[in-house]
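Visitor: Pasting a structure here, questions to come.
What follows is calculated from the coordinates using simple rules that are stated; it is not laboratory data. In this text the structure is predicted, and so the values were computed from the model without any measurement. Cβ placement follows ideal geometry from the backbone for every residue including glycine, while neighbour counts extend to all protein chains displayed.
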Amino acid sequence: MMETPMRRPLIAGNWKMYKTAAQTKEYINQLKTMVSSSTKVDVALAPPFPALEAAVRAAADSPIVIAAQNVFWEKEGAYTGEVSAPMLHDLGVELVIIGHSERRQYFGETDETVNRRVKAAVSNGLRPLVCIGETLDQREAGLTFSVLETQLKDGLAGVDQGAAEKLILAYEPIWAIGTGRTATTEIAQEAHQFIRNQLTGLFDKKLANTIRILYGGSVKPENTADLLAQTDVDGALVGGASLKVDVFYKIVDIGGR
């Protein structure tokens, strides 16, 4: 039987609309001393747009990767309020979150626009961290797998093997985001395994086995170890628990064990 390739865990903090540039600098200066010896886990932070430059500078001499929370698909143009992939790359951003459930819920994000953002990110040197997941109504109606299948098929349409090698996914059961409710380890593993099987169909088994699939949804130090112990859970996309540096580091530390 083929062994599952080692997928280095990734713990990513999504700050959403919190923290100024000054607060970001202070946080990263504290975190980088904590993670300087973390050799078994990757760490990423996604501050809001105004704090990205301060974040990149503060993290420059550390293993911390800086991510953006969104990206537009055009390189430039009359798109008031948008930020392009070349702009982010020029800042030193390496990763970008695409299709977060809050973007889908509040700002009209669709699988089609996710797809356009993914292609723009990859073609401009950014790694896309693509979020997928079902609502409570969809889960209770037994639609979880069909929702995930559609989000993957349409969100990754036309993404070739080379681009897929840069891909990271995050499974976010929407009913568990910011609610304090966490999917059981069985629910998380079942969804992650389904996602990996879908990736095998979209690409191939070898590539599917290298793509990291993070879990997102009320992740905290108390549930991190159990979640990451699952075969197909390769890290965490952390929301509220990433806002306090000591709490976030506990999650990072657990991820690197």
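Visitor: Does the range 83-225 come out rounded, prolate or oblate, given a ≥ b ≥ c as the square roots of the eigenvalues of its C-alpha gyration tensor, rounded meaning a/c under 1.5 and, failing that, prolate meaning a/b above b/c? If you can, show how the numbers build up before the last one.
Guide: Working: a/c = 1.58, a/b = 1.36, b/c = 1.16.
It comes out prolate by the Cα gyration axes.
Visitor: Can I ask one more? Can you check what the net charge comes to around His192, using other residues whose Cβ is under 13 Å from the Cβ of His192 (Lys, Arg +1; Asp, Glu -1)?
Guide: Values: positive: Arg7, Arg196, Arg212; negative: Glu172, Glu186, Glu190, Asp232, Asp234.
Around His192, the surrounding residues sum to -2.
Visitor: Which is the longest stretch in the chain that no exposed loop site breaks, taking sites as GluC sites (Glu not before Pro) with a DSSP loop state and at most 10 other Cβ atoms within 10 Å? Present the calculation step by step, with values, prior to reporting the outcome.
Guide: On the way: sites that count: Glu3, Glu76.
Longest gap between qualifying sites, sites excluded: 77-257.
Visitor: Ok, one more. In terms of Cα to Cα distance under 19 Å, which aspartates and glutamates are near enough to Lys32, apart from those fewer than 8 places away along the same chain?
Guide: Output for Lys32: Asp42, Glu53, Asp61, Glu94, Asp246, Asp253.
Visitor: Could you work out Rg/(2.2 N^0.38 Å) for the chain, with Rg from alpha carbons only?
Guide: On the way: Rg = 17.0 Å, N = 257, 2.2 N^0.38 = 18.1 Å.
In units of the globular-protein estimate, the chain measures up at 0.94.
Visitor: For the chain, list the DSSP H helices whose alpha carbon atoms reach 20 Å or more along the long axis and whose average Kyte-Doolittle value is -0.5 or above?
Guide: Numbers: long enough: 21-35 (21 Å, -0.43); 185-202 (25 Å, -0.42).
Passing helices, by number: 21-35, 185-202.
Visitor: Quick check for me: using +1 on Lys/Arg Cβ and -1 on Asp/Glu Cβ, what's the dipole size of the range 154-212 about its Cα centre, in debye to the nearest 20? Could you put the intermediate results ahead of the total?
Guide: Numbers: 6 positive and 7 negative charges, 32 e Å.
The calculation lands at about 160 debye.
Visitor: Further question on the same structure: Under 8 Å for C-alpha pairs, at least 6 residues apart: give me the relative contact order for the range 10-255, rounded to a whole percent.
Guide: Numbers: 464 pairs, mean separation 48.3, N = 246.
Averaging sequence separation for qualifying contacts and normalising by length gives 20 percent for the range 10-255.
Visitor: Determine the alpha carbon to alpha carbon distance for each of Lys19/Lys205; Lys75/Lys250; Lys19/Lys75; Lys19/Lys206; Lys25/Lys75; Lys16/Lys153 and list only those over 31 Å.
Guide: Beyond 31 Å between Cα atoms: Lys19/Lys205; Lys75/Lys250; Lys19/Lys206.
Visitor: What percentages make up the Cα-Cα pair-distance distribution of the range 152-194 when the bins are 5 Å wide from 0?
Guide: 5, 18, 21, 19, 16, 13, 7, 1
Visitor: For the chain, what does -39500 (n - 2.57) per DSSP helix run (n ≥ 4), summed and divided by total residues, give at 222 nm, in deg cm²/dmol to the nearest 500?
Guide: Numbers: 12 runs with 110 residues, N = 257.
After summing the helix terms and dividing by the residues of the chain, the value is -12000 deg cm²/dmol.
Visitor: What is the sum of charges around Gly240, taking Lys and Arg as +1, Asp and Glu as -1, for the other residues whose C-beta is under 10 Å from the C-beta of Gly240? Mind showing how you got there, number by number?
Guide: Working: positive: Lys16, Lys220, Lys244; negative: none.
Residues close to Gly240 contribute a combined charge of +3.
Visitor: Using Cβ counts within 10 Å as a stand-in for footprinting exposure, how do Ile174, Ile11 rank, fewest first?
Guide: Working: Ile174 23, Ile11 28.
In order of increasing Cβ crowding within 10 Å: Ile174, Ile11.
Visitor: OK, next. Just flag the trypsin sites (Lys or Arg not before Pro) in the range 19-53 sitting in loop per DSSP whose Cβ has no more than 14 other Cβ atoms within 10 Å. Mind dumping the intermediate values first?
Guide: Working: sites: Lys19, Lys25, Lys32, Lys40; in loops: Lys19, Lys40.
In loop regions of the range 19-53 (DSSP not H, G, I, E or B), the sparsely surrounded trypsin sites (Lys or Arg not before Pro) are Lys40.
Visitor: Then there's this: Among Leu169, Leu202, Leu237, whose Cα projects farthest towards the positive end of the dipole of the range 10-255, with charges put on the beta-carbon of Lys, Arg (+1) and Asp, Glu (-1)?
Guide: Of Leu169, Leu202, Leu237, it is Leu237.
Visitor: Another one. For the chain, with a Gaussian network of springs between Cα atoms less than 10 Å apart, report the residue from Ala12, Ala157, Ala78 with the top mean-square fluctuation.
Guide: With Cα springs under 10 Å in the chain, the top fluctuation among Ala12, Ala157, Ala78 is at Ala78.
Visitor: Moving on to the next point. Dipole magnitude of the chain about its Cα centre, charges +1 at Lys/Arg Cβ and -1 at Asp/Glu Cβ only, in debye to the nearest 20?
Guide: Working: 27 positive and 31 negative charges, 109 e Å.
The calculation lands at about 520 debye.
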